Structure formats: structure tokens, C-alpha cells
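For reference, the structure is listed below as C-alpha cells.
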């Protein structure tokens, strides 16, 4: 059992770790969302947790249990809500959950919190939860929070190696090369390469329609091809991303 997992510790051991002023608590956030026929529904939560654990080992950190439900899947970034298995929260619900756990961490005595988001649609609702918690805690609270989406730390140099023929953009990378490669690195037994679909990349118009036009989304739910994915690409991205996140944490929290 990893020593960085908060959930595996007793309250006494956790309290002892909190005495370290340099301790960083990482909160992974994901979703339960379709990721094509070749990846599991929990991909976003699994990857945010794995990345958080790797970073925690580099920065004297602990990893809180993952928030495994996220905001509603959108057609242009997650395929949409019409896929069986996709199980989502209203935005207000996610913001309130984030607010509540942040407030609890502050009560424990956590001074440095990093929210590691692995689901594209979560961003603004996590931000709202942070704002609500910080407002409630007040200016005197020593808690400082960093919120990040792990893919933003993938450098241009790394992207050029992963996509030698051109990068399609993060929104269309749903269940595609980046996520499939990272899953092959962290959880190879959960990836079914033989089930990667042959759909063409999604071609969305520059607007949305409600009710959702589900026919805009490839039937598989994959928004661009995952055929170029590999464990080697996943290892390259994981190493570069986690090193960059660890460096950002050390810089912002002067560890």
C-alpha cells in the first residue's frame, strides 16, 4: 500500500504528517464517463489519481481520496451524456462538494492543497468550489490552493514527440492518444488495444445546440484516433508532466 495515500493512514498517522509545514495534500478529481470501447469509465479519475500519487512522491505529499464523479460530459470534449455509464453531477453539486472537502482539509490543518483535475468539464465548477471555500474560511486562513489540469503541463516538445503528424488539440483528445497512452503506462491491464475504433475525428461546428445533437459525436465516443497510442508515449508524458507539476508546486509553495 502506498505511503502517500491518506485513505490508508490512521487519523493519528495523518495528524503526525500534518505537523510538517512542508506537507502538500493533493486532491485528484475525475469523472465517471465513457471513454470509448477500449478504456474504462473511470479513466479520468484513475489518471488524476495516478498522476497525483507520482507527484506526491516528489514533493513530500499525501493524496486524498479521488472525487470520482464530475460535471456533465459535453459532446465536444467528452462525447456527451447520452452514453450508458456516463454518470455526472450538476455543476452546483460539484462546486459544493469541492467547497465542503476544502473546508474540512482546512479544519485538519492543511496549508498547501493541490487540486489535480483529470476531467475537462470540471474546471470552472472546481474553481467555484475553491472560491466559496476561501470566502468562507476568510483572509486569515493559512490555506493556499493550486488548481491544475494535468494536460496543461505537457510541453510543446513533448507534444511534438507524441504527435509527429500534428496535435489535434486537447478537447478532441478524449479517449485518444494522450489518455490511452497514459493508461497503457499506469494501468495496462485496463486497456483493450484490439477495441480501438476506426472512427474519423469528430468535426464539430463552432456552436452548440440544445437538446444535444448526438449525431455530431462518433458512435464510439472517441473524438479522435487512439491508434498512435503506446506505453512508451505514456511513460514519456507521465515523467515530463509529473516533473513539471512538482516543480510548479515547489515554486508556488516555496518547498
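The values are calculated or read from the model by the stated rules, or taken from the named source; none is laboratory data. Computed from a predicted model, the values in this text were never measured in an experiment. Counting neighbours? That spans all protein chains shown, and the Cβs are built from the backbone with ideal geometry, glycine included.
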Out of 241, 209, report the one residue that is within 22 Å of the chain's Cα centre (by Cα) and either in contact (Cβ under 8 Å) with a residue 60 or more places away in the chain or in a loop (DSSP other than H, G, I, E, B) (or both).
241
Would you mention how many residues in the stretch 26-44 are within 8 Å of the chain's Cα centre (by Cα) and farther than 15 Å from residue 174 by Cβ?
2
On the given criteria, is residue 111 at pLDDT below 95, within 24 Å of residue 250 (Cα to Cα) and over 16 Å from the mean Cα position of the chain (by Cα)?
no
Given (1) surrounded by fewer than 17 Cβ atoms within 10 Å (Cβ to Cβ); (2) assigned to a helix (DSSP H, G or I); (3) in contact (Cβ under 8 Å) with a residue 12 or more places away in the chain, residue 200 misses just (2)
Restricting to the stretch 75-88, and then to whatever is under 19 Å from the mean Cα position of the chain (by Cα), without any contact (Cβ under 8 Å) to a residue 60 or more places away in the chain and at negative phi, can you tell me which residue is surrounded by the fewest Cβ atoms within 10 Å (Cβ to Cβ)?
87
Does any residue of the stretch 219-232 turn out to be part of a helix (DSSP H, G or I) and either within 27 Å of residue 50 (Cβ to Cβ) or touching a strand residue (DSSP E or B) at 6+ places or on another chain (Cβ under 8 Å) (or both)?
yes
Looking at the stretch 36-43, is at least one residue assigned to a helix (DSSP H, G or I), under 22 Å from residue 190 (Cα atoms) and modelled with pLDDT of 95 or more?
yes
Looking at the structure I just gave you, is residue 225 closer than 27 Å to residue 37 by Cα, at pLDDT below 95 and over 20 Å from the mean Cα position of the chain (by Cα)?
yes
What number of residues within the stretch 185-196 satisfy the criterion of being more than 16 Å from the chain's Cα centre (by Cα) and in a helix (DSSP H, G or I)?
6
Which one is surrounded by the fewest Cβ atoms within 10 Å (Cβ to Cβ), of the residues in the stretch 117-161 that are within 25 Å of residue 228 (Cβ to Cβ), in contact with a strand residue (DSSP E or B) (Cβ under 7 Å, 6 or more places away or on another chain) and touching a residue at least 40 places away in the same chain (Cβ under 8 Å)?
121
Looking at residue 91, is it surrounded by fewer than 19 Cβ atoms within 10 Å (Cβ to Cβ) and out of contact with any helix residue (DSSP H, G or I) (no Cβ under 9 Å at 6 or more places or on another chain)?
no
